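The values are calculated or read from the model by the stated rules, or taken from the named source; none is laboratory data. All values derive from a computational prediction rather than experimental measurement. Cβ coordinates were reconstructed from backbone atoms using ideal geometry, including for glycine residues, and neighbour counts include every protein chain displayed. Ligands, DNA and RNA are excluded from the accessible area calculation, which covers all protein heavy atoms including side chains. Shrake-Rupley method; radii C 1.70, N 1.55, O 1.52, S 1.80 Å.
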Amino acid sequence: MSAEGLRERKKRETRRHIRETAIALFVERGFEHVTIAEVAAAAGVSANTIYNYFETKENLVLPPDEASPQRLADMVRGRRPGEAAVPAVLRTLRDEVRRRDPSLGLTDGFGRVFEMMRAAPTLTARLEDLGRQMTDALAAVLAEETGAAPTAPLPRVVAWQIGALHSLIYTEIGRRAALGEEPGTIAAAVLDLLAAAEELLGGHILTYAVRKGPQCSE
C-alpha cells in the first residue's frame, strides 16, 4: 500500500474512532450534556483534531457525507432509462433496506441513538431542516428534467410526497428500534410500508418524469 494510502486509511480510522466515541458519550449522557473537550479526552485526541474532521458538534451525529440534502435528488438523477422518478426512489430505498444499510439505522443499538437524537432540540431541528432541503432539491431536479418552471406546482407536490415518505421510513425505523425490534424484523416492516405507499401512490405519479430511453427490465 502506498504512503498516501496509509495516510488516508489512518484518517478514516481516526474519524471513525472519534465519531464512535462521541456517539457512545451522547447516548450515555445526552447530546447537550457532552462537550467537544470531553469527546476529545475520551477519544485521546485534541479538540482541534475533532474540528478538523467535524465542523460542528452536530456533524458528529449527522455528518454531511451521510446526511446529504441531495440524497433524494441523486436517486432521481441516477435512475435508469425508461424509469420514472418515483419508482427510482422506491427501488433505491428497497435496495438499501434489503442490504440493511447502516445509514438507515438498520443496525443493532440504533434505538438508543434514535432516542438520543430525538431528545436533542438541535439535532431534531437539523433533521427537520435536512428534510426540507432534500425535498426542495428533489423538486428542483424534477422541474428541470420535466421542463417545468421552478415554481410549478406539480414537481413540488411530487417531491413533498416522496419527502414525506422518506421521513416516515426513518421515523418507523427509529420507533421500532427504540422498542427493541431486531434489524431484520424492522427491514421486513419497512418493505411492507414501501409496498403500501407504492400501491397508494399509483396512477400518474408512478409514470411522472420518465427518463428517455428503452424501458428498463427487472
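What the table below lists for this structure:
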{"read-out": "Matching residues in the range 164-176 - criterion: being surrounded by 20 or more Cβ atoms within 10 Å (Cβ to Cβ) and either in contact with an Asp or Glu (Cβ under 9 Å, 6 or more places away or on another chain) or among the basic types (K, R) (or both)", "value": "G174, R176"}
{"read-out": "Sole exception among (1) in a helix (DSSP H, G or I); (2) in contact (Cβ under 8 Å) with a residue 40 or more places away in the chain; (3) open to solvent by 60 Å² or more (accessible area, probe 1.4 Å) for D108, by number", "value": "(1)"}
{"read-out": "Qualifying residue in the range 3-24 (condition: buried (at least 16 other Cβ atoms within 10 Å of the Cβ) and under 30 Å from D192 (Cβ atoms))", "value": "yes"}
{"read-out": "Hits in the range 128-158 (condition: of a type in the set (S, T, Y) and open to solvent by less than 50 Å² (accessible area, probe 1.4 Å))", "value": "T135"}
{"read-out": "Conditions (1) open to solvent by less than 50 Å² (accessible area, probe 1.4 Å); (2) part of a helix (DSSP H, G or I); (3) closer than 19 Å to L193 by Cα; number of the one not met by D95", "value": "(1)"}
{"read-out": "Hey, T122 part of a helix (DSSP H, G or I), of a type in the set (S, T, N, Q) and in contact with a helix residue (DSSP H, G or I) (Cβ under 7 Å, 6 or more places away or on another chain) or not", "value": "yes"}
{"read-out": "Pairs with Cβ under 7 Å, 6+ apart, first in the range 127-138 and closer than 14 Å to Q161 by Cβ, second small (G, A, S)", "value": "G131/G163; G131/S167; M134/G163; T135/A159; T135/G163; L138/A73; L138/A159; L138/G163"}
